[in-house]
Amino acid sequence: MGKIGIYGGSFNPPHLGHMLAAREMAEALGLDRVLLVPAATPPHKDMADGSPSGEQRLEMLRLASEGMEGVEVDGLELRRKGPSYTADTVKALHERYSKDKLYFLMGTDMFLSFHEWYKPEKICKHATLVTVRRAGTDSLSQLERQAERLKKNYGAKTVVLDNRVLEMSSTEARRMLRFQCAESYLNKYVLDYIWAHRLYGVEEDLRCLPFDQLRKASLALHDPRRVPHVIGCCGAASHLALRWGCDETLAARAGILHDVTKALGKRAQLLLCEKYGIMTTEFERNHYKLLHARSGAAIAEHIFGESREVVDAIYWHTTGKANMALLEKILYIADYMEPNRNFDGVRKMRELTETDLDGALLLGFEMSIDLLKSENKPLDRFTVEARDFLLGERTKV
């Protein structure tokens, strides 16, 4: 009797994290082989706009796994019509490998939501469920509770592994392809295939787009949950520009792009900073959520071809700085008080923006500093310098 791992997914595109997970699970479980099974039409999520065909994803998966001993690509799901249900796939593989023991490999999020799947009891009947605990990010107790729940409800056999995995996703790989910085996500053969077949919009020129096209391209790169904020910030920036005599077009472009890299994790942020020559401080590297302003400015300049005014406004929209230009002030404030924001002080800030733009800016700096102090978090020096500069200017009047 052999031991076979089943590793399914969209693989859109297949990245180095997929291959490392397959190899490490195989070693940890002593598998004789791992079957990589790309989904045709995943029932639980829509395929991203502009996704390659199933045959193209299959070919990329073959390129990604080439030379990996004991790893095979199986197009079983692509040969079926309709949605790809894991229960049907596992059942078909059980019939094919009736003398072997099957292990169904999945990520943590999939494991924790397994009870919501289509006919989970059928999967549990034919295969042992295997997931990986990412060191420092996943709670072992949470995974163990889910394992007990699945055992009780479906008679599931489960394995939770402590393994080294790469923190990356296909969604992030697609974003990094658009940002021309995906070399450390995809192997060379997959990357060459993508460029040769012009997949994922890699050859599309995004520079100096008309605003409607810019809006569409930018929002597609955001976490969908952040889209209302981005649209709100764009509208608020346009309104403030009209009120204070700034270029409305530049304000709208800065607003729609200001968070264009915010959906990326720390690793991706640092890669973008390195690629585009952005000097980062130790403070920023330790508090990587600040980096999206730096990397976002680089993408606005190098990918979208935006003006220096827009690039600088994005660069400073999170921390602010001393002696800010008008568009920089407007974007900082718009990001802080756009219509979806709801916190103590936001109404006062909105009122101030109609009569005292610097007063609203100063209030934003002070609220940010007070919040960090209340949470015993370190202060960003640029925000402190910005606050002190404004206080000094206002005492001169």
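No lab work stands behind these numbers, since they all come straight from the coordinates. All of these numbers come straight from a predicted model, not from anything done at the bench. Note that we place each Cβ from the backbone using ideal geometry, even for glycine, and neighbour counts take in every protein chain shown.
So, R0 is 56 Å and r is the distance between the beta-carbons of Q180 and K152; what FRET efficiency does that work out to, to 0.05?
0.70
Charge dipole (Cα centre; +1 on Lys/Arg Cβ, -1 on Asp/Glu Cβ; no other charges) of the stretch 244-379 amounts to roughly 600 debye. In degrees, nearest 10, range 0 to 90: what is the angle between the Cα axis of helix 86-96 and the longest Cα principal axis of the chain? Its long axis makes an angle of about 30 degrees.
Taking a straight Cα-Cα cut-off under 29 Å and skipping sequence neighbours fewer than 8 places away in the same chain, the lysines within cross-link reach of K377 are K262, K266, K289, K321, K329, K348. When peptides 104-113, 206-215 are ranked by their average number of other Cβ atoms within 10 Å per residue, the highest-first order is 104-113, 206-215. Between E95 and D192, the C-beta separation translates, for a Förster distance of 41 Å, into a calculated FRET efficiency of about 0.65.
Mean residue ellipticity, 222 nm, helices only, the chain: the sum of -39500 (n - 2.57) across DSSP H runs of n ≥ 4, divided by residue count and rounded to 500, is -15500 deg cm²/dmol. Axis of helix 248-257 versus longest Cα principal axis of the chain: the two differ by about 30°, to the nearest ten degrees. The charge dipole of the chain, taken about its Cα centre with unit charges on the Cβ of Lys, Arg, Asp and Glu (plus for the first two, minus for the last two), comes to roughly 1300 debye.
Compared with the dominant principal axis of the Cα atoms in the chain, helix 16-29 is inclined by about 40°.
Counting Cα-Cα pairs of the stretch 64-149 in 10 Å increments starting at 0 gives whole-percent bin shares of 14, 41, 34, 11, 0. Using the Karplus relation 6.51 cos²θ - 1.76 cosθ + 1.60 with θ = phi - 60°, the per-residue 3J(HN,Hα) values for the stretch 221-233 come to 9, 9, 4, x, 5, 8, 4, x, 5, 4, 5, x, 5 Hz, with x marking Gly and Pro.
Listed cross-link partners K125/K188; K3/K119; K99/K157 are compared with a 29 Å cut-off, the Cα-Cα value being larger for K125/K188.
Gain on full extension, evaluated as 0.36 nm per residue between R347 and A220 minus their Cα-Cα distance, stands at 42.7 nm.
When each pair of different Cα atoms in the stretch 328-373 is counted once in the 1/r mean, what is the Kirkwood radius in angstroms, to one decimal? Result for the stretch 328-373, one decimal place: 10.5 Å. Fully extending the segment from R33 to K119 would add 28.4 nm, taking 0.36 nm per residue of separation and subtracting the current Cα-Cα distance.
Each listed q (0.09 Å⁻¹) maps to a log10 I(q)/I(0) for the stretch 182-336 from the Debye sum over equal C-alpha point scatterers, namely -0.29.
The R394 and V159 beta-carbon pair, evaluated with R₀ = 56 Å, returns a calculated FRET efficiency of approximately 0.35. For the stretch 144-255, the average shadow cast by the Cα convex hull is 11.9 nm², which is a quarter of the hull's surface. Ordering 116-124, 56-64, 291-299 by mean Cβ neighbour count within 10 Å, with the highest value first, yields 291-299, 56-64, 116-124. For the peptides 273-279, 6-12, the ranking by mean Cβ contacts within 10 Å, running from highest to lowest, is 6-12, 273-279. Each residue, K266 and E375, gets one label point 7 Å from its Cα in the Cβ direction; the gap between the two is 1.6 nm.
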